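Chemist: Handing you this structure, nothing more for now.
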Amino acid sequence: DRKMLPEIQQTVDALYERATDLARTLHAMDTNLDTEGLGQVDAAIGYFEQAVALQPATAGIQFNLGAACSGKGDLAAAERHLRKALELKPDYDKALENRAETRYRLEDWKGAADDFGKLIKSEKCEAETFQKLGTAKYHLKDFKGSAESLGSAIDKGLKDKEVFRMHGLSQATLGNCEETLKSLGAAIAMGVSDKDVFYQTGLCQFKNKD
């Protein structure tokens, strides 16, 4: 980061500390923020924005501003600041995680797939990361990638009817009847009632009749 005059740096530090204190308070609150909570989000965003205006090339401030915008529900602004944080610090794992989640919520399937694709390289990668990567690839009609990622989520113990549905339909597109029947059967058992699920299940049953 650029060196700043001491008095400007003190101002940035004070703004950042005040905004961070507010962000910590919000983190401890229920996700369904009341009017007072939303006011605190706005206050935190205001402080972070002032800090960014004084010191824009700081990844941590950009990240926290993005997180605050996400807390308010302004996902487009959140994605913009998280992207800036990663431009400033490409190995900023927390920013990558937050941007992946933000892009997923925005239904930016290409961006989400790119980010989650980087995250699954971690040894600590959880089932939900594979689930979201698989979901993004399903919407991109990358059924091979979707089947692989959703299959990994299932192997890691995730039992979710929508995961089974998308995994089964992806496998059906690839012509893998055994995996199709296994996953779609699980989805149906969990209450899924879907035309494509029933059709592909029937189709595979018919193919296997002999």
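Chemist: At least 3 residues that are open to solvent by less than 60 Å² (accessible area, probe 1.4 Å) and farther than 18 Å from Glu49 by Cβ in each: list the helices (runs of 4 or more DSSP H) lying fully within the stretch 71-128 that qualify. Break it down into steps so the answer makes sense when it comes.
Modeler: Details: elements: 75-88, 93-105, 109-119.
Once the helices (runs of 4 or more DSSP H) in the stretch 71-128 are filtered for at least 3 residues that are open to solvent by less than 60 Å² (accessible area, probe 1.4 Å) and farther than 18 Å from Glu49 by Cβ, what remains is 93-105, 109-119.
Chemist: Separate question: Within the stretch 174-185, is even one residue at pLDDT 95 or above, of a type in the set (A, V, I, L, M) and surrounded by fewer than 16 Cβ atoms within 10 Å (Cβ to Cβ)?
Modeler: Yes.
Chemist: If I ask for residues that are without any contact (Cβ under 8 Å) to a residue 24 or more places away in the chain and not charged (D, E, K, R), which ones from the stretch 87-101 would you list?
Modeler: Selection gives Pro90, Leu96.
Chemist: Select, from Leu133, Leu203, Leu174, Leu184, the only residue that is more than 30 Å from Ala95 (Cβ to Cβ) and touching a Leu at 6+ places or on another chain (Cβ under 9 Å).
Modeler: On the way: Leu133 fails: more than 30 Å from Ala95 (Cβ to Cβ); Leu203 fails: touching a Leu at 6+ places or on another chain (Cβ under 9 Å); Leu174 fails: touching a Leu at 6+ places or on another chain (Cβ under 9 Å).
Residue meeting the stated conditions: Leu184.
Chemist: Something else about it: How many residues does the stretch 199-210 hold that are open to solvent by 70 Å² or more (accessible area, probe 1.4 Å) and not in a loop (DSSP other than H, G, I, E, B)? Step through it out loud before you land on a result.
Modeler: Here is the first cut: in the stretch 199-210, the ones open to solvent by 70 Å² or more (accessible area, probe 1.4 Å) are 199, 205-210.
Of the ones still in play, those that are also not in a loop (DSSP other than H, G, I, E, B) are 199, 205-207.
The qualifying residues number 4.
Chemist: Across the stretch 66-86, what is the total count of residues that are aliphatic (A, V, I, L, M), in contact (Cβ under 8 Å) with a residue 40 or more places away in the chain and farther than 24 Å from Lys124 by Cα? Write out each step before concluding.
Modeler: So the first thing to find is which residues in the stretch 66-86 are aliphatic (A, V, I, L, M), and the list is 67-68, 75-78, 82, 85-86.
Going one step further and asking which of them are in contact (Cβ under 8 Å) with a residue 40 or more places away in the chain, we end up with 67-68.
Remaining after also requiring farther than 24 Å from Lys124 by Cα: 68.
Result for the stretch 66-86: 1.
Chemist: Let me ask you something else. For the stretch 132-162, name all the residues that are open to solvent by 20 Å² or more (accessible area, probe 1.4 Å) and more than 19 Å from Ala189 (Cβ to Cβ). Steps first, answer last, please.
Modeler: At the first step, the residues of the stretch 132-162 found to be open to solvent by 20 Å² or more (accessible area, probe 1.4 Å) are 132, 137-144, 148, 152, 154-162.
Residues satisfying the conditions are Lys132, Lys137, Tyr138, His139, Leu140, Lys141, Asp142, Phe143, Lys144, Glu148, Ser152, Lys156.
Chemist: Now a separate question. Condition first: under 22 Å from Glu107 (Cα atoms), in a loop (DSSP other than H, G, I, E, B) and not acidic (Asp, Glu). Can you find one or more residues in the stretch 155-166 that meet it?
Modeler: Just the residues of the stretch 155-166 that are under 22 Å from Glu107 (Cα atoms), to begin with: 158, 160-166.
Restricting the remaining residues to those that are in a loop (DSSP other than H, G, I, E, B) gives 158, 160.
Now restrict to residues that are not acidic (Asp, Glu): 158.
Yes, the conditions are met somewhere in the stretch 155-166.
Chemist: Search the stretch 186-198 for residues being closer than 23 Å to Glu148 by Cβ and not aliphatic (A, V, I, L, M), and hand back the single one that is least open to solvent (accessible area, probe 1.4 Å).
Modeler: Asp194
The values are calculated or read from the model by the stated rules, or taken from the named source; none is laboratory data. Fair warning: this is a prediction, and the values are worked out from it, not measured in the lab. We place every Cβ from the backbone using ideal geometry, glycine too, and count neighbours over all the protein chains shown. Side chains included, ligands, DNA and RNA excluded: accessible areas come from the protein's heavy atoms. Shrake-Rupley method; radii C 1.70, N 1.55, O 1.52, S 1.80 Å.
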